[in-house]
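Please read the structure below before turning to the comments.
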Amino acid sequence: MAKKKLVVAGAVGVIGRTVVAHFEKLDGWSVVGLSRSKPDFPMKAEHVSVDLLDAAGSMTALGGIRDATHVVFAALQWTPDLAAQVAPNRELVVNLIKGLEAGSGDTLRHVTLMQGGKAYGCHLGPFRTPAKESDPRHMPPNFYYAQEDYLREASVGKNWTWTGIRPEAVIGPAVGNPFNLLMVIAVYALISKALGLPLVFPGTRQNYEVLYQYTDARILARSTEWAAETPECAGEIFNITNGDYFRWERMFETVAKFFDMPVGYPQPFEMTTMMADKAPIWDALVERHGLKPYAYDKIAAWHFGDFIFKTPYDNITSTIKARKFGFQDCLDSEDTMVQQLTELQRLGILPADMTSVGKL
């Protein structure tokens, strides 16, 4: 079997980290992880430090990668300004492809582009649900569109094709990511328990009862393998989620049970404001339980929690297209939430014994 080489851009993020781990285990694959910072976790894959916003530096670093066959793009340059997101995020993709073509132009076969629910305008307000890949674009700006358009144009006449994958709120073990809902939930619940409080949903009763979904990073990684190996996926876009929907009322019961704490009544507040002064509590928990000493301002993105928990409308997409094309995987979201929280315990980010977390 011919050796395949995968290059993962954004290899230390919530998506990239799990994609790397998935392909590291597969026979016939070698993996190269790209990121600006070095991974703070064990990585068997080759790691290349590169700033994809630096065109010249990217050409030098990526041009030295030979025989790459596949790419997963999971990098992000985030800013609150929607218009300001477009140019740099397009540049990330442009510099990645041009750099890899310089070293692997003859061997490159497939590029997977990670998008998300914002392609349907979920960040703007209510949208048609369940969203389908055939739905029209919303009024720009949207950097996903710029990246997608570039890949459509750049792949014409080339040996490589591309596939777009649209998850929603990916959860997995990663610190310092601006959109990792798992860390928001985990740290919020742990601090609430340390303060002797019940687990309170920080939104309205309406927010508590809307339908939502998320994508476990593991099923997302499996979908990238499927997209890479399925010729029919070329030029197509697929929604990839766990395959089920839930209401936060039920999910918070699951989380509270894991943390061995009661569930409180929903109380709307801004997490960005209310969690801003909790660094001393986090630091005390780290010391008491021997947790990994991540800085509090890196451990959870409270602005993302505010966005998700304040949404007053359903956020659900259809995964029927992916199933028609052959991707049949699905997961129970309540089960995977418990599994991912357990993984945070194994990694030393959460205490191993929740019954030992007493009031500070």
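The table that follows gives values for the structure above.
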quantity: Failed item, numbered, when residue 179 is tested on (1) touching a residue at least 40 places away in the same chain (Cβ under 8 Å); (2) assigned to a loop (DSSP other than H, G, I, E, B); (3) assigned by TED's automatic domain parsing to the domain that holds residue 100; calculated: (3)
quantity: Those strands (runs of 3 or more DSSP E) lying entirely in segment 34-142 with at least 1 residues on the phi < 0 side of the Ramachandran plot, touching a Phe, Trp or Tyr at 6+ places or on another chain (Cβ under 6 Å) and free of Cβ contacts under 8 Å to residues at least 12 places away in the same chain; calculated: none
quantity: Residue in segment 107-118 that is among the aliphatic types (A, V, I, L, M) and more than 21 Å from residue 153 (Cα to Cα) present; calculated: no
quantity: Matching residues, segment 143-165, being out of contact with any Lys or Arg (no Cβ under 9 Å at 6 or more places or on another chain) and in a helix (DSSP H, G or I); calculated: 148, 151, 152, 153
quantity: Some residue of segment 174-182 being crowded, with 18+ Cβ neighbours inside 10 Å, under 26 Å from residue 4 (Cβ atoms), touching a helix residue (DSSP H, G or I) at 6+ places or on another chain (Cβ under 9 Å) and small (Gly, Ala, Ser); calculated: yes
quantity: Selection count where residues are of a type outside the set (S, T, N, Q) and buried (at least 16 other Cβ atoms within 10 Å of the Cβ), scope segment 131-151; calculated: 11
quantity: Complete set of residues in segment 305-360 that are closer than 25 Å to residue 293 by Cα, more than 21 Å from the chain's Cα centre (by Cα) and not in a helix (DSSP H, G or I); calculated: 351, 352, 353, 357, 358, 359, 360
quantity: Any hit, segment 151-162, residues being more than 18 Å from the chain's Cα centre (by Cα), acidic (Asp, Glu) and at pLDDT 95 or above; calculated: yes
quantity: Residues being surrounded by 14 or more Cβ atoms within 10 Å (Cβ to Cβ) and without any contact (Cβ under 8 Å) to a residue 24 or more places away in the chain - total across segment 340-360; calculated: 1
quantity: Lone qualifier among 231, 293 - being closer than 28 Å to residue 130 by Cβ, surrounded by fewer than 14 Cβ atoms within 10 Å (Cβ to Cβ) and over 22 Å from the mean Cα position of the chain (by Cα); calculated: 231
quantity: Given (1) over 22 Å from residue 352 (Cβ atoms); (2) not assigned by TED's automatic domain parsing to the domain that holds residue 132, number of the condition residue 226 does not satisfy; calculated: (2)
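The values are calculated or read from the model by the stated rules, or taken from the named source; none is laboratory data. Quick caveat, the model's predicted, so the values are computed rather than measured. Note that each Cβ is placed from the backbone with ideal geometry, even for glycine, and that neighbours are counted across all protein chains shown.
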